[in-house]
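A short reminder: the numbers here are calculations on the coordinates, not readings from a lab. Just so it is clear, the structure is predicted and the values come from calculations on it, not from any experiment. Heads up, the Cβs are rebuilt from the backbone with ideal geometry, glycines too, and the neighbour counts pull from every protein chain shown.
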Amino acid sequence: MPDQASPAPVSTAIPPHRGGLPDPRHFDPVIFPGAEAGEVWPPTHFNFHAPWMHEAGLGFERDASGGIAVVRSFAHLRLLVDIETAHQLFDLAPGSRDFRLLRLIPAALRCVERIIPGDPMPGPLLDEEEEVPEEHHLYAATTAMVERLAGQAGEEGQALAEAMRRVPPGPGMFEAAVARCITRFGFPMATVAPLARRLQRLANAHARVLATAAAQPDYAAMEKVVLRTRQPLGADRGWVGGGLLTRAMDGLLPQISRPRRASTAILAAAEEAMRRPLPLEAPTRLILEQDGYRDRLLDISVFWRRLSAAWMTVDPDTTDRREIEALARNTLRRLSLTSLYRAPDEP
């Protein structure tokens, strides 16, 4: 009998992600400092173990200045707390499970308005697909488009912009504006309705950009933790790898701001594109451009969300140096993905 052909070898290579990037969910997985073997982190809920974390009325919000406000129910008291020292207020030992859970609060508050102990973890922190943009993002995108319509569009576009200024904001504002153009201004539906549908697609595309930008990790907080972590390493003589770790951290500091600067530049380019003089009656190219900006922001976010949250769980004085070294390696590998941070006008 003829020899049977040997089966083709199974490839174990990680498939490339968008733009030739590696798959972010398999790229150098991040382990949270203090996580036990086999522990899934982040958990699905903010289920603190300490009973005093479940007192009635306790919650967390973003203060107007961007800090974390601890909200108590008695006497409408609001305490503005530095999240890096908040564990002292709640008597949570550094490195404990509740400590690590508390340090996830800032990342969660970039996705929701308020966190109460027991609340579910926001989807982006669990690597779930992002939801439809919230209404305020859609309203902001629509407002930018209305301003452009009023100054650049033809007669139908200007009438539609005028109508949109007089209807309540929300997902149904385009339909309401079309009805107003027909009933109040006398435009035929065959002219106004197709224009409104195209512009609604554009508003949705820009709203997705705004929502993805708003959900970016707190890069500034991560940079602050990296800087604070570097400071005690030079004085730590009790660990044999201290010199290597110190040099690794010294290499991180000059470039750790790269994801923040890149995401800021991409958002600015997306907003500038909405102001350029292009014919909004045929916005297909602009829609594709906005989708591209959103994809760029999403790529950066997916690569950095888990790592930035892991850095927030570091306590420079007590975290195991080997775990800090692992985070430094994760960070350097992500910073080496140069195409992730290319300028918005680069192909």
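Net charge of the neighbourhood of P29, taken over other residues with C-beta under 14 Å away and scored Lys/Arg +1, Asp/Glu -1, is +1.
With a 10 Å radius around each residue's Cβ, average the other Cβ atoms per peptide and rank 302-314, 217-229, 246-258, highest first. Intermediate results must be reported in sequence, preceding the final value.
On the way: 302-314: 23.7, 217-229: 19.4, 246-258: 15.4.
Packing proxy ranking, top to bottom: 302-314, 217-229, 246-258.
With the highest mean first, a sort of the peptides 289-295, 90-96 on other beta-carbon atoms found within 10 angstrom per residue produces 289-295, 90-96.
For H49, the shell of other residues with beta-carbons less than 11 Å away shows a net charge of 0, using +1 for Lys and Arg and -1 for Asp and Glu. Working from label points 7 Å from Cα in the Cα-to-Cβ sense, the R247 to T85 distance is 3.5 nm. The label point for H54 and the one for D291, both projected 7 Å from the Cα toward the Cβ, are 4.7 nm apart. When a/c reaches 1.5 or more, the comparison of a/b and b/c decides; with that in mind, is the stretch 51-120 rounded, prolate or oblate per its Cα gyration tensor? Because its axes are fairly even, with a/c under 1.5, the stretch 51-120 counts as rounded.
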